[in-house]
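Beneath this line is the structure, given in structure tokens, with notes to follow.
The values are calculated or read from the model by the stated rules, or taken from the named source; none is laboratory data. Predicted model only: the values in this text are computed from it and were never measured. Glycine gets a Cβ as well: all are built from the backbone with ideal geometry, and neighbour counts include every protein chain shown. Surface accessibility is based on the protein's heavy atoms, side chains included, excluding ligands, DNA and RNA. Shrake-Rupley method; radii C 1.70, N 1.55, O 1.52, S 1.80 Å.
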Amino acid sequence: SFYGPNELNSRRSMRAWEMEARRDRQYFKAILESRGPEGLREAFLSSVAALSSRPRMDVRFARGGRATNFEAEHELQFAFLRFPDSPVDPISGVARASGSEIRAPRIDVKNRSKRGVSYVEIGWILKDRNGRQFLAGSVPSSDGLDLAPGQTGKILESTSLRFSSASGRIVDIQGVTGYVSQVEFDNGEIWIPSRSSLNQSGLQGVAAPSPEEQRLTNIYVKKGLEAVIQELRKF
């Protein structure tokens, strides 16, 4: 439940975070039940390795025009990952690209559920010239989105985004892949991808872990496996 003004759509964000937390706790609890403590240890060792090896991306935003004019601009088509249980399908997407900058992304989506949709968020994965992939944030729909069942709509952004690696090296963008990362229905309910969908799509090694997975992994690193098991048993 909530009270007070819904500033910055915090109610939506808090619901999504809570759903991610429940999803990931259930995932680790299922591993403990099926594979025992050693199986859980292996899962957290994988999580630790993924956190340390995941490429990091810095993003600079510039509303309106281009942030740079040094390189020729070209049209970049989105590729899409699709989840079988997603209530919204990305259909097509295009943006203007120039070196390490992407401008004015436009994405068409279709509501394939039986409920109205009021918000859609599309996660981005960028690929550089060397084939490395980076999670690069998301494109949110406007708060006025109103997709009836079966209806197609557009997600438009008048933003320019300039990307660089955490070391400061400019990223030469060669491709962009999108996926539906969050959906809000008109009754306020939230959909997020399941762990199985993330694993099967290969996103688990690229997408940032939820705050809850990071918290549990931090407990494992600092206090050990038994402390994580005790934490999971609280829920």
_For a quick check: with amide H placed at 1.01 Å from N, whose amide H comes under 5 Å from R112's, ignoring anything fewer than 5 positions away on the same chain?_
V88, D89, G150
*Mind checking which lysines have their Cα closer than 28 Å to the Cα of K114? Skip sequence neighbours fewer than 8 apart in that chain.*
K154
_Explain nothing, just the number: relative contact order of the chain, from Cα pairs under 8 Å at least 6 residues apart, as a whole percent._
26
*For the chain, return all DSSP H helices satisfying: extent of Cα atoms along own axis at least 15 Å; mean Kyte-Doolittle hydropathy at least -1.0.*
10-53
_Paramagnetic reach from K222 in region 28-54 [backbone N under 17 Å; point 7 Å along Cα→Cβ]_ = 48
_Rounded to whole Hz, the Karplus (6.51, -1.76, 1.60) HN-Hα couplings of region 113-129, x for glycine and proline_ = 8, 9, 10, x, 10, 10, 7, 9, 10, 10, x, 10, 10, 9, 10, 8, 5
*Per-residue accessible area for D146 at 1.4 Å probe radius, Å² rounded to 10?*
110
*What net charge do the residues around D108 carry, taking every other residue with its C-beta under 12 Å from that of D108, with Lys and Arg at +1 and Asp and Glu at -1?*
+2
_Accessible solvent surface per residue of region 179-235, calculated while the other protein chains remain in place, 1.4 angstrom probe, Å²_ = 48
*With label points built 7 Å along Cα→Cβ from the Cα atoms of E18 and I91, find their separation and express it in nm.*
3.4
*Where does the charge balance sit around V228 when Lys and Arg score +1, Asp and Glu -1, over other residues with C-beta under 15 Å from its C-beta?*
+1
*asked:* Quick check: at a probe of 1.4 Å, how many percent of the accessible area of region 158-235 sits on carbon and sulfur atoms?
replied: 49
*Measure out, as a whole number of angstrom, how far apart the alpha-carbon centroids of region 67-144 and region 21-43 sit.*
32
